[in-house]
Amino acid sequence: MDKAEVIQQACRAAASGQDATARELLRAHYPFQPIPKVKRTCSLRQSIAIFERDGFIDRYQGRAWCIPARFICSRRFSIRITWARSISR
């Protein structure tokens, strides 16, 4: 059965008050197929390069950051990349 026909029949069934029939038609002939979520990952080096390219601008607020990304990599500061203070040195 063509997908357009399935939708047409399901709409007719729903319009006539047969919601269960419309649901069954859609589940049988037009199943839900989830799209797998692809997570984009960047290395720290790539992230800092992009951050530097953008001029150390916070994209959400549009303001310059007070601590440039190059300080994060420095051993002089005892902060973690995740900002979790409980595991900082």
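The values are calculated or read from the model by the stated rules, or taken from the named source; none is laboratory data. Just so you know, these numbers come straight off a predicted model, no measurement behind them. Using ideal geometry, Cβ is built from the backbone for each residue, glycine included, and neighbour counts are taken over all protein chains shown.
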Could you please find all residues in the range 1-59 being surrounded by 13 or more Cβ atoms within 10 Å (Cβ to Cβ), of a type outside the set (Ser, Thr, Tyr) and in contact (Cβ under 8 Å) with a residue 24 or more places away in the chain? 6, 29, 48
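Residue-by-condition table, conditions (1) assigned to a loop (DSSP other than H, G, I, E, B); (2) at pLDDT 75 or above; (3) in the same structural domain as residue 2 (by TED's automatic domain parsing):
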position	(1), (2), (3)
24	no, yes, yes
28	no, yes, yes
41	yes, yes, no
45	no, yes, no
50	no, yes, no
61	yes, yes, no
71	no, no, no
82	yes, no, no
